[in-house]
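Okay, structure first, notes after.
The values are calculated or read from the model by the stated rules, or taken from the named source; none is laboratory data. The shown structure was predicted, so the numbers you read here are calculated from the model rather than taken from an experiment. Don't worry about glycine lacking a Cβ; one is built from the backbone with ideal geometry, like all the others, and counts go over all protein chains shown.
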Amino acid sequence: MNKDLDRLHRYPFEKLAELKQGLQPPHHLDHIALSIGEPQHPAPHFVIENLIAHLHQLSSYPSTKGSQQLRQAIAGWLSRRFDISPGLVDAETNLLPVSGTREALFAIAQAVVDRSAAHPLVFMPNPFYQIYEGAALLAGASPLYLDCLPDNGFLPDLDSVDAAEWSRCQLIYICTPGNPTGAVMPREYLERLIELAQRYDFVIASDECYSEIYFDEQTPPPGLLGVAADMGNDRFDRCLAFHSLSKRSNLPGLRSGFVAGDARILAKFLLYRTYHGCALPSATQTASTAAWSDENHVVENRGRYRQKFEQVLALLSDTLAPQKPQAGFYLWASTPVSDTEFAARLYAEQNVTVLPGRFLSRDHDGGDPGENRVRMALVATLDECLDAANRINSLISAL
């Protein structure tokens with residue numbers, strides 16, 4: 001067996017299941033899950049119809065590179081969304097469809113990390129999406145955790161890294177808007193990171209799967225590729241952005257997304273993926289083309305989240321008092337007791353499940369940025385989210 005498998009930590013939801021084991025929530029209360037970031041809004045009907053209409057394509061092998069129609073639809077969306085000059089994103093060389101961001105974020109480390117280098121490092125935010133860590137470990141690298149703390153706007157602390165560590169960095173994962181913090185990396189931050197990547201020769205993997213869930217229609221979060229283009233890096237050197245239809249279009253089961261950026265890296269990544277065997281089914285590609293070509297359903301989706309956040313935050317303002325995130329659908333809230341005790345009692349007494357912050361972070365250098373925090377995903381219906389908020393208030397009053 002691959003010895004690096006022994007380096008993997010247990011996944012957060014395994015820890016959560018263990019925490020809840022033996023607890024008996026009240027039977028008269030329906031369970032409300034705020035623990036997993038699985039969108040519960042309805043999938044766009046026109047995408048479902050498109051998928052069904054093209055199921056006959058299952059009789060053919062799909063292309064790993066994706067259909068020309070899909071790649072052109074994605075290139076057009078990228079240009080419109082991030083104000084990139086038309087044609088700058090080449091549909092032939094600057095992007096690849098992937099089986100959701102999770103698959104591609106894991107795979108990119110396997111393709112990018114040079115195991116022959118002395119002690120390669122992969123940087124990642126802390127707390128973080130656990131795929132980053134697992135990808136680094138199974139690629140033969142060591143993770144370096146960049147704490148995301150309130151004093152730094154919940155952004156990874158670039159100043160905590162010394163020159164020797166930057167020189168060993170081969171890949172950095174960033175997440176903007178952040179999971180679980182909801183923090184958006186401003187243009188100045190992304191510019192600095194791109195400059196560091198050029199200076200120290202590492203690859204930036206920007207996980208932007210939450211980029212289309214924001215609260216002000218006039219100020220969408222910036223993206224890595226748009227910032228790179230504005231800096232004159234029109235070849236997107238060392239820059240890769242990962243996007244998905246899971247959150248944007250409420251299609252987590254479609255397993256459809258893309259990676260875009262540096263053509264040199266993507267040519268090698270295409271070779272890797274050809275052997276990896278993870279091409280999107282042709283019917284999925286056709287349905288994805290329709291999804292990326294329509295923006296109306298995305299605007300409507302944002303409206304639903306906006307309504308939920310306004311009403312839930314109003315209910316919790318005098319008790320848990322969480323901060324409104326800049327974007328995304330998570331609340332990253334401080335707890336009046338330890339995060340694990342809060343999560344356990346909330347389940348046992350109110351039948352609501354949230355995720356303890358320490359299940360998403362690592363304790364290093366004597367501190368854990370996930371300690372005494374919980375992640376709450378406002379993905380359920382409005383009524384369920386409001387019910388959950390009232391139950392949280394009931395628990396807090398009993399503490």
Report summary line: Those residues of region 185-212 that are touching a residue at least 60 places away in the same chain (Cβ under 8 Å), aliphatic (A, V, I, L, M) and crowded, with 24+ Cβ neighbours inside 10 Å come to a total of 1
Query raised in the report: Quick one: which of L196, L146 is aliphatic (A, V, I, L, M), within 18 Å of D237 (Cβ to Cβ) and either within 20 Å of the chain's Cα centre (by Cα) or not in a loop (DSSP other than H, G, I, E, B) (or both)?
Result: L196
Query raised in the report: Between a first residue in region 44-57 that is under 11 Å from D294 (Cβ atoms) and a second residue that is outside any helix (DSSP H, G or I) and among the basic types (K, R), which pairs have beta carbons less than 6 Å apart while being 6 or more apart in sequence or on different chains?
Result: none
Query raised in the report: For region 239-283, what are the residues that are over 18 Å from E208 (Cα atoms), surrounded by fewer than 24 Cβ atoms within 10 Å (Cβ to Cβ) and touching a Pro at 6+ places or on another chain (Cβ under 8 Å)?
Result: A279, P281, S282
Report summary line: Of the residues in region 2-61, those that are of a type in the set (G, A, S), crowded, with 16+ Cβ neighbours inside 10 Å and not in a loop (DSSP other than H, G, I, E, B) come to A33
**Report entry** From A348, A343, A333, A380, residue being under 30 Å from L8 (Cα atoms) and under 20 Å from the mean Cα position of the chain (by Cα)
**Finding:** A333
Query - Subset tally (residues that are touching a Gly at 6+ places or on another chain (Cβ under 6 Å) and surrounded by fewer than 23 Cβ atoms within 10 Å (Cβ to Cβ)) for region 345-376 - result: 1
Query - Within region 146-177, considering residues that are polar (S, T, N, Q) and touching a residue at least 40 places away in the same chain (Cβ under 8 Å), the one surrounded by the most Cβ atoms within 10 Å (Cβ to Cβ) - result: T176
Report summary line: Turns out the helices (runs of 4 or more DSSP H) fully within region 248-362 with at least 3 residues that are farther than 23 Å from H54 by Cβ are 263-276, 296-316, 339-350
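Under the condition of being part of a helix (DSSP H, G or I) and in contact with an Asp or Glu (Cβ under 8 Å, 6 or more places away or on another chain), which residue from region 96-131 is modelled with the highest pLDDT?
Our first condition is that a residue be part of a helix (DSSP H, G or I); within region 96-131, this holds for 100-112, 130-131.
Filter once more, so that each one left must be in contact with an Asp or Glu (Cβ under 8 Å, 6 or more places away or on another chain): 101, 105.
Numbers: T101: 95, L105: 98.
Applying the filter and picking the extreme gives L105.
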